[in-house]
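The structure appears below as structure tokens.
Rule-based calculations on the coordinates, nothing more; no lab input. Just so we're clear, the structure is a prediction, and the values are computed from it rather than from any experiment. Neighbour counts run over all protein chains shown; Cβ positions are idealised from the backbone, glycine included.
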Amino acid sequence: MQHEREHYVDGAWMNPLEPVLLDVVDPSTEETFTRIAAGGQKDVDRAVNAAQAAFPAFSRTTRQERLELLRSILAKYDKRRDDIGEVLCREMGAPLQFAREQQALAGTAHLSRMIDVLQHYQFEELQGSTMIVREPIGVAGLITPWNWPINQIVVKVAAALAAGCTMVLKPSEVAPLNAIIWSEVMHAAGVPKGVYNMVQGEGAIVGDAMSAHPGIDMMSFTGSTRAGILVAQTAARTVKRVALELGGKSANILLPDVDFNSAVTNGVLKMMSNSGQSCSAPTRMFVPADRQDEVKAIAKAAAEKLVVGDVRDPNTTLGPVVTEPQFRKVQRLIQAGIDEGAELIAGGPGRPQHLNRGYFVRPTVFANVRNDMSIAREEIFGPVLSILPYRDEAEVIELANDTIYGLAAFVQSSDLSRARRVAARMRAGTVQLNYPAYNSAAPFGGYKQSGNGREWGKFGMEEFLEVKAIIGYEAA
């Protein structure tokens with residue numbers, strides 16, 4: 001990888017037109033280890049022009065041509081997957097094994113799924129004398145986050161390619177190196193010039209320029225609700241489509257009939273995976289009030305078994321959070337939990353005792369949390385779990401839905417029909433019953449302030465398609 005200080009535009013690595021550099025910091029050491037180019041308006045203009053020029057030809061490619069392209073990308077990606085895991089370990093602090101087996105492998109899963117979708121998708125459907133046609137929307141602007149960086153890049157790029165769109169990607173400036181390897185993969189796979197373009201830089205500059213650009217037909221953004229609102233407001237001036245995948249504060253409802261040892265332990269592990277930096281993490285665990293003491297003991301034991309530290313040690317389960325501002329935010333909210341009267345049963349403020357540098361957070365569990373406390377309302381994005389007691393099914397449904405977010409929810413029960421009944425009342429885009437297996441075909445996206453639109457599989461590709469009605473297509 002030799003392209004940290006370049007952008008990828010029109011099929012080539014190019015020097016920035018507005019040369020500014022940004023530090024990339026290793027969150028395990030708090031030290032800068034490289035610098036990347038930070039683009040500006042001129043760099044965005046150049047990339048958009050390339051994407052616009054490429055769109056007429058690429059939008060007319062056949063299904064088979066796009067399938068061959070996606071298969072080529074998948075083959076090249078798999079050859080670089082360990083490289084991607086390596087840089088994710090360093091730039092975002094993911095434990096190396098997790099970076100390879102979860103973060104990087106997700107790219108393979110989504111590419112494979114999109115190939116399957118494209119093979120079978122019906123772009124045309126005759127309804128009476130009217131032909132319904134689904135065709136590419138145009139040039140897509142893609143903004144991706146640092147917490148699951150390569151996952152979100154692949155989800156968006158693969159869907160846009162399958163639909164026949166051209167694009168400009170702005171990856172996270174916090175974890176940008178995986179995007180450079182991805183761009184090298186795209187080049188090696190033979191993506192036509194101008195179809196895929198990548199401009200590094202800050203959201204407030206590059207992201208804003210993309211959102212406002214009249215040459216971009218849609219924006220697909222993943223990140224915080226605050227930033228998503230800014231993207232939508234800016235994009236509104238040119239009336240472009242906006243798809244947003246934003247924050248979450250997901251409820252995990254444990255019904256009284258569940259195996260508490262298994263459900264609580266798995267809930268703690270699922271919530272704290274990726275150092276709690278997953279927008280769909282089950283951060284609010286709702287438990288029957290008369291079982292809370294039992295749950296506290298199980299949750300405390302599960303949290304204290306987690307190993308925080310050296311991300312290259314195979315025994316490590318949690319790395320640091322990604323940046324100093326994120327570390328400070330998590331610490332502030334842990335202290336708020338204490339100050340507002342929640343019961344601290346594991347972890348707490350500060351780093352683990354054996355670590356004196358890096359943005360490491362103690363795996364923290366609070367019990368007797370009320371739904372009006374800061375730790376139950378705000379998206380913490382760190383390894384901090386809130387346990388909330390409830391009295392009955394009606395109350396827990398009301399409490400679970402009492403949030404500005406609606407990205408995901410979780411329901412645990414030994415009675416599947418009961419779990420389904422509760423799931424039907426959740427105001428969330430995804431509801432997981434009894435910790436199911438990963439499904440890359442399921443639509444992913446949220447209700448309320450968790451965003452709009454859906455990603456993954458067929459639903460993700462359709463975000464990049466316009467619907468056209470050709471009336472009178474067949475004679476009456």
Open item on the list: Which of the three applies to the chain, rounded, prolate or oblate, going by the alpha-carbon gyration tensor with a ≥ b ≥ c and a/c under 1.5 meaning rounded?
Closed with: oblate
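Tell me, what is the Rg over Rh of the stretch 209-329, with Rh the Kirkwood radius over Cα pairs?
1.13
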TODO: Take the alpha-carbon centre of the stretch 264-300, take the same for the stretch 350-384, and report the distance between them in whole Å.
DONE: 12 Å
- [ ] With 5 Å bins from zero, work out the P(r) of the stretch 210-267 over every alpha carbon pair and list the percent per bin.
- [x] 4, 18, 19, 11, 8, 6, 8, 8, 8, 7, 3, 0
Task: Relative contact order of the stretch 1-126, pairs being alpha-carbon contacts under 8 Å that are 6 or more residues apart, as % - done: 20 percent
Task: Pairwise Cα inverse-distance average, inverted: Kirkwood Rh of the stretch 299-370 (Å) - done: 12.8 Å
Task: the stretch 334-446 - percent relative contact order, Cα under 8 Å, separation 6 or more - done: 18 percent
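Which of the peptides 120-126, 275-281 is most tightly packed, and how do the rest follow, judged by the mean count of other Cβ atoms within 10 Å per residue?
Values: 120-126: 11.1, 275-281: 25.1.
In descending order of packing, they fall as 275-281, 120-126.
When Lys and Arg each count +1 and Asp and Glu each count -1, what net charge do the other residues less than 11 Å away from residue 155, Cβ to Cβ, add up to? It would help to have the intermediate numbers written out before the result.
Working: positive: 113, 156, 454; negative: 245, 455, 463.
Result for the local shell: 0.
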TODO: Rounded to the nearest 10 degrees, what's the angle between the helix 260-272 long axis and the longest principal axis of the chain, both from Cα atoms, 0 to 90?
DONE: 50 degrees
Open item on the list: Stokes-Einstein diffusion coefficient for the stretch 251-439 at 20 °C in a medium of 1.002 mPa s, Rh from the Kirkwood formula over Cα pairs: what value in µm²/s?
Closed with: 130 µm²/s
- [ ] For the stretch 160-255, take the alpha-carbon Rg, divide it by the Kirkwood Rh, and send me Rg/Rh.
- [x] 1.04
TODO: Calculate how many DSSP beta bridges within the stretch 251-439 are antiparallel, expressed in % of all such bridges and rounded to the nearest 5.
DONE: 15 percent
TODO: Work out Dmax and Rg for the stretch 168-215 from the C-alpha atoms and quote the Rg first, both in angstrom.
DONE: 11.6, 32
Open item on the list: Along the charge dipole of the chain, pointing to its positive end and built from +1/-1 on Cβ of Lys, Arg, Asp and Glu, which listed residue (50, 331, 130) has its Cα farthest out?
Closed with: 130
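Going by average Cβ neighbours within 10 Å, how do the peptides 336-347, 221-232 rank, with the highest at the top?
221-232, 336-347
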Task: Spatial extent of the stretch 4-90: Rg and Dmax, with the Cα atoms as the point set, Å - done: 16.9, 49
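Where does each of 60, 418, 134 land when they are ranked from fewest to most other beta-carbon atoms within 10 angstrom?
Ascending Cβ contact count within 10 Å gives the list 60, 418, 134.
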Task: Distant-in-sequence amide H partners of residue 406 (H built 1.01 Å from N, under 5 Å) - done: 249, 447, 449, 450
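Return the Rg/Rh ratio of the stretch 32-76 with Cα-based radii and a Kirkwood Rh. If you can, show how the numbers build up before the last one.
Details: Rg = 15.8 Å, Rh = 13.4 Å.
Rounded to two decimals, Rg over Rh is 1.18.
Roughly how big is the stretch 290-345's charge dipole about its Cα centre, with Cβ charges of +1 (Lys, Arg) and -1 (Asp, Glu), in debye to the nearest 20? Spell out each step's value before the answer.
Working: 8 positive and 10 negative charges, 46 e Å.
In debye, rounded to 20, the stretch 290-345 gives about 220.
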Open item on the list: Give the separation of the Cα centroids, the stretch 301-348 to the stretch 432-447, in Å.
Closed with: 26 Å
Open item on the list: Show me, for the stretch 156-170, the HN-Hα J-couplings you get by feeding each phi into the Karplus relation (A = 6.51, B = -1.76, C = 1.60, θ = phi - 60°), rounded to Hz, glycine and proline as x.
Closed with: 6, 5, 4, 5, 5, 4, 4, 6, x, 8, 9, 7, 10, 9, 10
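In the structure displayed, which of 76/270; 79/170; 79/249; 76/458; 42/249 lie more than 29 Å apart, Cα to Cα?
Values: 76/270 31 Å; 79/170 23 Å; 79/249 36 Å; 76/458 23 Å; 42/249 38 Å.
As for pairs spanning more than 29 Å Cα to Cα, those are 76/270; 79/249; 42/249.
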Open item on the list: Looking at the chain only, what percent of DSSP beta bridges run antiparallel? Nearest 5 please.
Closed with: 45 percent
Task: Where N is the number of residues in the stretch 77-214, Cα Rg divided by 2.2 N^0.38 Å - done: 1.15
